[in-house]
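Before any comments, here is the structure.
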Amino acid sequence: MAVTVSSERDTVATPIQRAFREAFYAGAISLGLFVLFIGLRTDQNISNELILVQRWVLLAIVVIAVTLGRFVYVAYALPAMARSKAEKATAPAIVAEPGFLKRNFNRIGLVVLLLYPIAMVLLFGFQGSLKWVDNFGIQILIYVMLAWGLNIVIGLAGLLDLGYVAFYAVGAYAYALLGTHFGLSFWILLPAAGCMAAFWGVMLGFPVLRLRGDYLAIVTLAFGEIIRLVLINWREVTNGSAGISGIPKVSFFGLMSFNVSDPNYIAKVLHIAQSGAYYKIFLYYLALALCLLTAFVTIRLRRLPVGRAWEALREDEIACRSLGINTTTTKLTAFATGAMFGGFAGSFFAARQGFVSPESFVFLESAIILAIVVLGGMGSLGGIAVAALVMIGGTEILRELDFLKAVFGPDFTPELYRMLLFGMAMVIVMLWKPRGFVGSREPTAFLKERRAVSASFTKEGHG
Amino acid sequence: MNAQASANDFILQVEHLSMKFGGLVAIGDLSFQARRGEITALIGPNGAGKTTVFNCITGFYKPSEGMLTLNRRDGTTYLLERLPNHEIPARAKVARTFQNIRLFSGMTLLENLLVAQHNKLMKASGYTFLGLFGFPSYRQASAESIDLARHWLEKADLIDRADDPAGDLPYGAQRRLEIARAMCTGPELLCLDEPAAGLNPKESAALNDLLMDIKNNTGTSILLIEHDMSVVMQISDHVVVLEYGRKISDGNPQSVRTDPRVIAAYLGVDDEEVETVLTEVGDEDVIEQLDTGPDSAHGPGNSASMMAGPVSDSVEHADEGERVTVSKGASKAAQVDARAASVASKPRSAAKPAAKSSTAKAAPKKPAAKASATKAGSASKGKETAAKPTAGKPGGRK
């Protein structure tokens with residue numbers, strides 16, 4: 001930022017001179033910022049008194065790191081970037097053939113996802129793979145599914161929905177209640193939960209049809225909170241904040257069970273060693289299948305008139321009406337379809353956890369799903385999947401970074417910095433790519449060639 | 001109009017249409033008809049309520065009073081004021097464009113035209129369910145819709161850019177695309193809100209061709225709001241003139257452009273100032289037109305008012321007419337009417353026009369010379385000349 005401020009003096013100062021100056025400023029600013037945050041720390045001593053811990057060394061390390069970082073950035077990185085930019089400008093405009101990775105992104109991604117649990121089992125053994133398949137694989141896939149569902153509402157139809165987690169909750173509780181009370185199987189309850197969530201999507205849709213933009217966002221946010229509060233307070237049905245436990249496990253189409261006590265337990269049927277990893281691996285593939293279903297339906301819907309009407313609605317609602325599109329039903333189908341996938345994800349979540357409580361459906365979840373959609377690029381499935389990997393995988397991986405304890409001391413817990421990372425990722429991506437990882441839009445039909453539509457033409461919708 | 005004309009000759013009948021916004025009467029008791037297969041133009045000064053009429057017809061506003069009857073070719077009749085907004089294009093087959101272009105800018109041209117075929121495709125896709133499972137009926141309908149889109153892209157001369165985003169098109173092309181998109185809904189009545197606004201003369205000539213092509217080859221009737229008189233006078237079969245929400249003239253382009261009330265409405269100045277303003281503007285043709293009165297109506301060629309003339313001429317003239325804006329207050333056309341009534345009551349007024357017009361015609365040769373004369377002496381003469389045409393009218397028109 002200082003670069004732009006002192007642009008007049010830049011003409012005389014060499015990069016090195018400027019780097020010294022700016023490094024000094026950056027160091028001074030960071031010193032001022034961090035002297036209280038890092039230099040001093042409040043703590044409790046053994047007799048529960050508040051004491052002040054002084055950490056001048058750590059402060060010095062941080063300030064020096066900032067100073068050096070700024071120096072290197074201004075002195076070397078900036079001129080290098082300018083040079084490469086100039087080279088690119090002078091070089092003849094060759095349309096770069098997209099690399100192998102880029103061309104086959106979807107296929108490679110699918111193969112990696114299919115092989116992932118096998119690779120984990122081979123690398124860490126059945127017991128060691130549990131964490132990687134469950135915490136990373138299944139967790140991320142659930143969020144991918146949720147984000148793809150929300151993408152229909154926000155990315156395609158342009159309706160800003162801040163209460164999406166409500167449909168996730170409806171799906172999860174529908175599965176939990178029907179599963180525990182009536183003992184129905186997952187394969188019946190999955191569509192039932194989807195229908196239930198879609199129904200609530202329509203219920204939410206009706207009153208908010210007339211609202212746009214900020215007002216829509218506030219009402220949907222309130223809807224999410226209402227569902228959560230009902231779940232907490234309607235104790236006779238939902239068991240309040242204690243939640244519902246003992247949710248039945250998913251069976252392999254009734255052929256194989258994952259309960260050790262059942263006669264058709266998978267290890268008995270297939271005559272293999274008993275392990276909890278089978279269930280996780282099965283759930284992983286189930287989640288993957290549900291994700292692929294979501295993606296398939298989304299891609300198909302985009303090429304159907306209803307999907308085009310969603311996108312047209314995002315672009316210009318009045319023009320839609322002038323073309324005879326019923327905007328009411330179009331909005332409601334968007335809400336219902338998005339909610340249905342939320343319900344699928346919810347019922348899968350309940351089946352995986354075996355326990356649901358209102359704690360899982362707080363506003364933060366909505367915010368995370370929304371952040372994934374925005375980071376990934378509204379409307380783009382690939383971008384959203386990558387964003388889910390970064391956001392959810394990134395925060396999970398923080399648990400694994402034990403070596404940081406060696407740097408910051410033994411009581412350093414990287415998980416606490418989750419939200420910091422979250423915010424930083426958002427800021428960086430929004431600076432670097434304001435329309436998300438994939439800002440451009442794939443046209444749904446073409447006459448001669450399919451050319452991506454630049455993000456500068458597409459609109460975000462007004463709700 | 002024609003007494004034998006059955007109701008089915010008219011595609012649209014507007015009867016006693018009123019639209020009030022609070023205390024403001026945007027349209028007051030407007031009645032007119034649009035004939036099937038014709039181009040009907042709706043003109044009038046800025047703020048006359050033309051777009052409000054459009055919004056009433058296409059369901060964006062619910063009129064305060066009045067009846068809007070649309071007769072489709074197959075004989076079904078729709079009362080537009082009772083249909084919900086989106087059913088007017090879907091069922092009554094009325095399509096429209098907008099004054100400020102409303103395209104789906106992030107979608108390609110082809111997609112824009114496919115969205116316009118939403119209802120047809122929706123049915124073909126079994127309301128999404130059959131299409132989701134890839135039934136062949138939808139695939140066929142989809143191919144047909146692309147063919148229709150291709151047809152209209154060719155008509156609008158946009159086929160080369162079919163796969164570009166609509167927001168990337170130049171202004172004139174966006175206007176054509178909006179018309180093509182409206183035509184893809186398969187309308188029987190196409191409402192165009194200032195299609196030539198912002199177009200250069202070449203583009204507006206191309207637009208004329210497109211509209212004539214639509215009229216001749218598809219049988220779609222067109223209702224048109226336009227300020228560009230070259231478009232209005234060349235292609236329209238029927239012109240309705242609005243001022244302050246009321247109809248002041250209605251007829252073929254020839255009769256409308258010589259109607260003194262229309263001229264007064266467009267020039268929008270007091271009778272005393274007519275000549276002053278005209279000479280300041282430097283439009284001697286209009287002065288002559290005013291002076292000679294409405295009897296010039298019999299020859300299309302010799303009239304050179306601001307409402308007529310070749311393309312390049314009237315583009316300028318129309319603009320100049322617009323620039324002399326209406327002062328807030330009473331309708332100028334109403335003033336002309338009032339004056340006509342008072343003049344008609346006088347017995348000698350019947351003889352006066354012929355004699356006076358010949359002298360008036362001879363006198364103003366140079367506008368520059370006239371400018372000085374006008375200020376001093378011709379205030380009274382201006383009154384007479386402006387009043388004359390209407391005095392002669394009752395006998396001449398009906």
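The values are calculated or read from the model by the stated rules, or taken from the named source; none is laboratory data. Being a predicted model, the structure only gives us computed values, none of them experimental. Glycine also receives a Cβ, built like all others from the backbone with ideal geometry; neighbour counts cover every protein chain displayed. Surface areas here come from the heavy atoms of the whole protein model, side chains and all, with no ligands, DNA or RNA. Shrake-Rupley method; radii C 1.70, N 1.55, O 1.52, S 1.80 Å.
Here are some notes:
- Some residue of the stretch B:105-118 being of a type in the set (Gly, Ala, Ser), part of a helix (DSSP H, G or I) and at the interface with another protein chain (Cβ under 9 Å from one of its Cβ atoms): yes
One line per residue, one yes/no per condition, for (1) surrounded by fewer than 13 Cβ atoms within 10 Å (Cβ to Cβ); (2) in contact with an Asp or Glu (Cβ under 9 Å, 6 or more places away or on another chain); (3) assigned by TED's automatic domain parsing to the domain that holds A:VAL306:
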site	(1), (2), (3)
A:ALA388	no, no, no
A:ILE392	no, no, no
A:THR395	no, yes, no
A:GLY409	yes, no, no
A:ALA445	no, yes, no
A:GLU449	yes, yes, no
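- Checked against the criterion of being out of contact with any Phe, Trp or Tyr (no Cβ under 9 Å at 6 or more places or on another chain), open to solvent by 40 Å² or more (accessible area, probe 1.4 Å) and in a helix (DSSP H, G or I), the stretch A:150-164 has no qualifying residue.
- Residue in the stretch A:219-232 that is open to solvent by 40 Å² or more (accessible area, probe 1.4 Å), assigned by TED's automatic domain parsing to the domain that holds A:MET120, over 24 Å from A:LEU364 (Cβ atoms) and among the basic types (Lys, Arg) present: no
- Scanning the stretch B:145-159 for residues that are more than 9 Å from chain A (Cβ to nearest Cβ) and open to solvent by 10 Å² or more (accessible area, probe 1.4 Å) yields B:ASP147, B:LEU148, B:HIS151, B:TRP152, B:GLU154, B:LYS155, B:ASP157.
- For the stretch A:303-325, filtering for residues that are at the interface with chain B (Cβ under 7 Å from one of its Cβ atoms), of a type outside the set (A, V, I, L, M, F, W, C) and either in a helix (DSSP H, G or I) or on the phi > 0 side of the Ramachandran plot (or both) leaves 7.
- Criterion (at pLDDT 80 or above and within 30 Å of A:ILE118 (Cβ to Cβ)) met by exactly one of A:VAL237, A:VAL269, A:VAL250: A:VAL250
- Scan of the stretch B:84-99 for residues that are touching a strand residue (DSSP E or B) at 6+ places or on another chain (Cβ under 9 Å), assigned to a loop (DSSP other than H, G, I, E, B) and surrounded by fewer than 19 Cβ atoms within 10 Å (Cβ to Cβ), ordered by number: B:ARG91, B:GLN99
- Selected residue (criterion: nearest to the other protein chains (Cβ to nearest Cβ)) from residues of the stretch A:416-429 that are open to solvent by less than 60 Å² (accessible area, probe 1.4 Å) and hydrophobic (A, V, I, L, M, F, W, C): A:VAL429
- The stretch B:160-190, residues that are open to solvent by 30 Å² or more (accessible area, probe 1.4 Å) and under 23 Å from the mean Cα position of the chain (by Cα): B:TYR171, B:GLN174, B:ARG176, B:GLY186
- Under the condition of being open to solvent by less than 50 Å² (accessible area, probe 1.4 Å), hydrophobic (A, V, I, L, M, F, W, C) and over 19 Å from the mean Cα position of the chain (by Cα), the residues counted in the stretch A:98-145 number 4.
- Residues that are assigned to a helix (DSSP H, G or I) and away from chain B (no Cβ under 14 Å) occur in the stretch A:432-454; there is at least one.
- Those residues of the stretch B:228-253 which are modelled with pLDDT under 85 and surrounded by fewer than 20 Cβ atoms within 10 Å (Cβ to Cβ), in sequence order: B:GLN234
- Between A:GLN139, A:GLN127, the distinction of being farther than 21 Å from A:GLY436 by Cβ, at pLDDT 85 or above and part of a helix (DSSP H, G or I) belongs to A:GLN139 only.
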